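Have a look at the structure below, then the notes.
The values are calculated or read from the model by the stated rules, or taken from the named source; none is laboratory data. Predicted, not measured: the structure shown is a model, and the values here were computed from it. Cβ placement follows ideal geometry from the backbone for every residue including glycine, while neighbour counts extend to all protein chains displayed. Accessible surface areas use protein heavy atoms only, side chains included; no ligands, DNA or RNA. Shrake-Rupley method; radii C 1.70, N 1.55, O 1.52, S 1.80 Å.
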Amino acid sequence: MKTVYLNNFMSSVVTELERNGQYSTAHVCGSVLRSVMVFDGDGLLLSGITPLWLKAYEHYLLHKGEKGLEWNTISTYMRMLRAVYNRAVVRKLVPFVPHLFREVFTGRKADHRRVLERDDMRQLLAEKDLDIISPGMEWARACLELMFRFHGMPFVDLAHLRKSDLKDGYLTLRRRKTGMPLSARVDSRAMQLLERYRNWDDTSPYLLCFLDGSLEGMAAYRDYLRILRLLNSKLRALALWRKVRGKVTSYTARHTWATAGKYCHIPIEIISEGLGHASVTTTEG
């Protein structure tokens, strides 16, 4: 087997993912690559990924900076490294090593900080005076309400809703992350919000006026990241204004809806279907 450096191989994987339109996965892979290079420079061989090195890298991620990364983020990094290593195995660049990643965390931990109490959620969803005080906060509040009403719909799916997805009072689409089908009834309140932010540009495929419908490829992905950052910024401002102490992000509606369903004794299979998860195991994690 020839000598292959991890940074060179990962760079080629990032390029390949971008070429295939997998921009989100490429973004994560690039983040892991930068992190590995800070940790161990650019001289690490692919064959240098050993259980001992992985454990040291996990420790670095857990303690980097003042607080370190959360366990679920560390898991994402490790699973990405594992996927990259497996690509190299398929291409016969490194040998297959059984249980190589067994000693590092690659699972999921329940993130209770993303779940809001009922009173906090009510505070966030209150409309009073927001359109006067801050149209940006009112927009973020409306996004949060729509995501909650649509079974914890992720913002990536909300932002990319197409005009053709809305028909006969229902939204019918496939999740951008997993391709799983999603269907949600649009009640009168949700329809009111959709109409408020409806995209009236006939040349755009998008139902809502959040994204630039003329962009494609990497430019479209960057446009989505821009609006996602804006949403999270406005949600933080909204939480501060409403004196909500919990962490509020674009994921808040999703986790809060799922937890509310659990406490209402909705079967886990129904919650999983509503979230668009590929399996119940993902929901339980």
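Overview of values
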item	result
Helices (runs of 4 or more DSSP H) completely within segment 172-285 that count 2 or more residues being over 20 Å from residue 150 (Cβ atoms), modelled with pLDDT of 85 or more and not aromatic (Phe, Trp, Tyr)	217-241
One residue from 35, 12 being out of contact with any Leu (no Cβ under 8 Å at 6 or more places or on another chain) and in a helix (DSSP H, G or I)	12
Check on residue 136, surrounded by 13 or more Cβ atoms within 10 Å (Cβ to Cβ), closer than 16 Å to residue 255 by Cα and within 23 Å of the chain's Cα centre (by Cα)	no
Residue, modelled with the lowest pLDDT, within segment 97-122, restricted to residues that are assigned to a loop (DSSP other than H, G, I, E, B) and open to solvent by 100 Å² or more (accessible area, probe 1.4 Å)	117
Scan of segment 122-139 for residues that are farther than 22 Å from residue 182 by Cβ and either in contact (Cβ under 8 Å) with a residue 24 or more places away in the chain or among the aliphatic types (A, V, I, L, M) (or both), ordered by number	123, 124, 126, 130, 132, 133, 134, 136, 137, 139
Qualifying positions in segment 25-59 - open to solvent by less than 70 Å² (accessible area, probe 1.4 Å) and small (Gly, Ala, Ser)	26, 30, 31, 35, 41, 43, 48, 56
Any pair with Cβ under 8 angstrom, 6 or more apart, that starts in segment 169-181 at a residue that is within 15 Å of residue 152 (Cα to Cα) and of a type in the set (D, E, K, R) and ends at one that is open to solvent by less than 60 Å² (accessible area, probe 1.4 Å) and not in a loop (DSSP other than H, G, I, E, B)	174/182; 175/157; 175/182; 176/156; 176/157; 177/156
